[in-house]
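**Q** One structure follows; several queries about it will come next.
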Amino acid sequence: MKTFRKGGIHPAADKLTADAPITDVTPTSLIRLMLSQSIGAPAKCIVKPGDTVAPGQMIAEAAGFVSAPVHSPVAGTVKRIESVRNPKGLWQESVVIEIDSDASQQQPSHPRSEKEMNDLSPADIIKEVGEAGIVGLGGATFPTRVKLSVPDGKKADFILLNGAECEPFLTCDDALMRESPEEILKGTLLLMKATSAPKAIVGIEENKPQAIKAMRSAASAYPEISIVVLRKKYPQGSEKQLIEALTGRKVPPGALPIDVGAIVDNVATAFAVWEAIALRRPLTHRIVTVTGPSLTNGGNFRAPFGIPFSDLIEVAGGLPEDTGKVISGGPMMGQAAADLSAPTTKGTGGILILPESMSERKEAGPCIRCANCVSACPMGLEPYLLMLQAQNSLWTDTKEHSAMACLECGCCSYICPAHRPLLDYIKLAKAHIRRDKL
């Protein structure tokens, strides 16, 4: 069984929805589609109030190379264009669409024939991936079209698919691999064709036996695609750690995966690529895990972008009385949701409802110099030192000690026996380094 060598931790998996099937969720009244749903420039709105839109229609176009268009998941009428709070509490321009209850909400498919699929060139695939608005669905939301555009002088030896889903509680990728392995692998073949990569490897953590079985069975027809079981270890799904585990190659500081011949995509991204190319469907929905220890009906839901967090929580049984915090994402890398009326986006893979007993921050004590944070850091940093430097506003020192290499995985804060907010201060240091252009 493979894994990365340096650092890492073993938190409880808490995969409460591991056996839950994927259930479709339909919005009932309004959806709010944010124009910024990817890394890079926000999309440029191309509709106005009063316009009618159909499922799959583009409502905002890419505003640059590192940008992604946005499509409507529903049939309805554009009511207004306004600023809406995202799950982090930040205001972002959004298109508000009132759903037409009398119209069909089914997104049309226009399947390609086998000949049409074979006739597609790498450039055709990359172009259509971009037009479909596909981004990394593991959380980073980097535009996939950009990632597939291999720079001159570089070569892709592998497409690496991330099926690790090492974040506790989340099971959206697990569910997709169990239910749609063939489509994921066909999407992988398209990624390989787009980049001329001769091989693909899918990494899945050992605690997903049904997904491993389904993917191995489907992959038996594709000798160029390997399914590799990974040891359960956090953050196994982080890009650099996944590359090391699956290929033995290490990405040097400041380098990109393509510099070592690798392109990494999430299994959900591969599925979205298959839908976009084989069915001509843009990205309008994703699987969202709604879970929590006190939730009565948690599950994996195929939800349209723009549906409020509150609607998904209601489908999952409603907010429990003992709720202490609602997290957008998982407990390690997610963030507390500031507003439950906030809409889901392309990056929303999970909604975690934690009880009060699991939400309280323990009082931080003094550093005892145990070096647990150093041992746990998968990037080999010294989190205790970076926090001390940040507390004293020594921003240049934090840069010299590689604060920008931090993955923000949270291993250091998790493992600290003194409950020190190590990651909070490292994030603060990174913000100052960016702001001051150090």
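**Q** Using 10 Å bins from zero, what percent of all Cα-Cα pairs in the chain falls into each bin?
**A** Final binned percentages: 5, 21, 31, 28, 13, 2, 0.
**Q** Moving on to the next point. Given an 8 Å cut-off on Cα distances and at least 6 residues of separation, report the relative contact order of the chain as a percent.
**A** Reported relative contact order: 20 percent.
**Q** Rounded to the nearest 500, what is the 222 nm mean residue ellipticity of the chain from helices alone, with -39500 (n - 2.57) per DSSP H run of 4+ residues and division by all residues?
**A** Taken over the chain, the calculation gives -8000 deg cm²/dmol.
**Q** Provide the FRET efficiency to the nearest 0.05 for the Leu438-Leu90 pair, computing r from the beta carbons and using R0 = 22 Å.
**A** Using R0 = 22 Å, I get an efficiency of 0.35.
**Q** In percent, how large is the relative contact order of the stretch 296-438, given Cα pairs closer than 8 Å and 6 or more residues apart?
**A** Across the stretch 296-438, relative contact order equals 21 percent.
**Q** Determine which aspartates and glutamates satisfy two conditions relative to Lys250: a Cα distance under 13 Å, and not lying fewer than 8 residues away in the same chain.
**A** Glu239, Asp259
**Q** Can you tell me the FRET efficiency between Ala41 and Ile368 if r is taken as the Cβ-Cβ distance and R0 is 41 Å, rounded to the nearest 0.05?
**A** 0.35
**Q** Among the aspartates and glutamates, which fall within straight-line cross-link reach of Lys233, defined as a Cα-Cα distance under 15 Å, with same-chain neighbours fewer than 8 residues apart omitted?
**A** Leaving aside aspartates and glutamates fewer than 8 places away in the same chain, those within reach of Lys233 are Asp14, Glu165, Glu167, Glu205, Glu206, Glu244.
**Q** What fraction of the DSSP beta bridges in the chain is antiparallel, stated in percent and rounded to the nearest 5?
**A** That works out to approximately 60 percent antiparallel.
**Q** Here's a follow-up. Amide H of Gly350: which non-local residues (sequence gap of 5 or more, or other chain) have their own amide H closer than 5 Å, using H built in the peptide plane?
**A** Thr289, Gly329
**Q** Quick one: Lys154, Lys48, fewest Cβ neighbours within 10 Å first, how do they rank?
**A** Placing the least packed residue first, the sequence is Lys48, Lys154.
**Q** Taking 0.36 nm per intervening residue step and subtracting the Cα-Cα distance, what contour gain separates Asn118 from Ser217 on full extension?
**A** 33.3 nm
**Q** For a protection proxy built on the mean count of beta-carbon atoms within 10 angstrom, sort 340-346, 363-369 highest first, please.
**A** 340-346, 363-369
**Q** Place a label point 7 angstrom from the Cα of Thr296 along the Cα-to-Cβ direction, then list the residues of the stretch 317-333 whose backbone nitrogen is under 12 Å away.
**A** 317-321
**Q** How many Lys pairs in the stretch 1-95 lie less than 27 angstrom apart by Cα atoms, where the lysines are 8 or more positions apart or on different chains?
**A** Going through the stretch 1-95 pair by pair, I get 8.
**Q** Can you put Thr77, Thr195 in order of Cβ neighbours within 10 angstrom, beginning with the fewest?
**A** Ranking Thr77, Thr195 by Cβ neighbours within 10 Å, fewest first, gives Thr77, Thr195.
**Q** For Lys437, Lys44, what's the fewest-to-most ordering of other Cβ within 10 Å of each Cβ?
**A** Lys437, Lys44
**Q** Shifting gears a bit: Take peptides 356-362, 298-304 and line them up by average Cβ neighbours within 10 Å, highest first, as a rough protection proxy.
**A** Sorting 356-362, 298-304 by mean packing, highest first, produces 298-304, 356-362.
**Q** While we're on this one: Give the cross-link partners of Lys115 among the lysines, using a straight C-alpha distance below 22 Å as the criterion and excluding same-chain residues fewer than 8 apart.
**A** Answer for Lys115, where 22 Å is the Cα cut-off: Lys127, Lys186, Lys193, listed by chain and number.
**Q** Which part of the stretch 105-132 falls in the paramagnetic zone of Asp24, meaning amide N under 17 Å from the point 7 Å along Cα-to-beta-carbon?
**A** 105-111
**Q** Sort by residue number and name the cysteines in the chain that have no neighbouring cysteine Cβ under 4.7 Å.
**A** Cys45, Cys166, Cys172, Cys367, Cys370, Cys377, Cys406, Cys409, Cys411, Cys416
**Q** What are the semi-axes of the equivalent ellipsoid for the stretch 372-436, taken as the square roots of 5 times the Cα gyration tensor eigenvalues, largest first, in whole Å?
**A** The three semi-axes for the stretch 372-436 are 18, 12, 10 Å.
**Q** What share of all Cα pairs of the stretch 114-278, in percent, falls into each consecutive 5 Å distance bin?
**A** The calculated distribution, bin by bin, is 2, 9, 20, 24, 22, 15, 7, 2, 0.
Values in this text are rule-based calculations from the coordinates and carry no lab data. Only a predicted model underlies this, so the values are computations on that prediction, with no experimental measurement involved. Cβ atoms come from the backbone with ideal geometry, glycine included; neighbour counts cover every protein chain shown.
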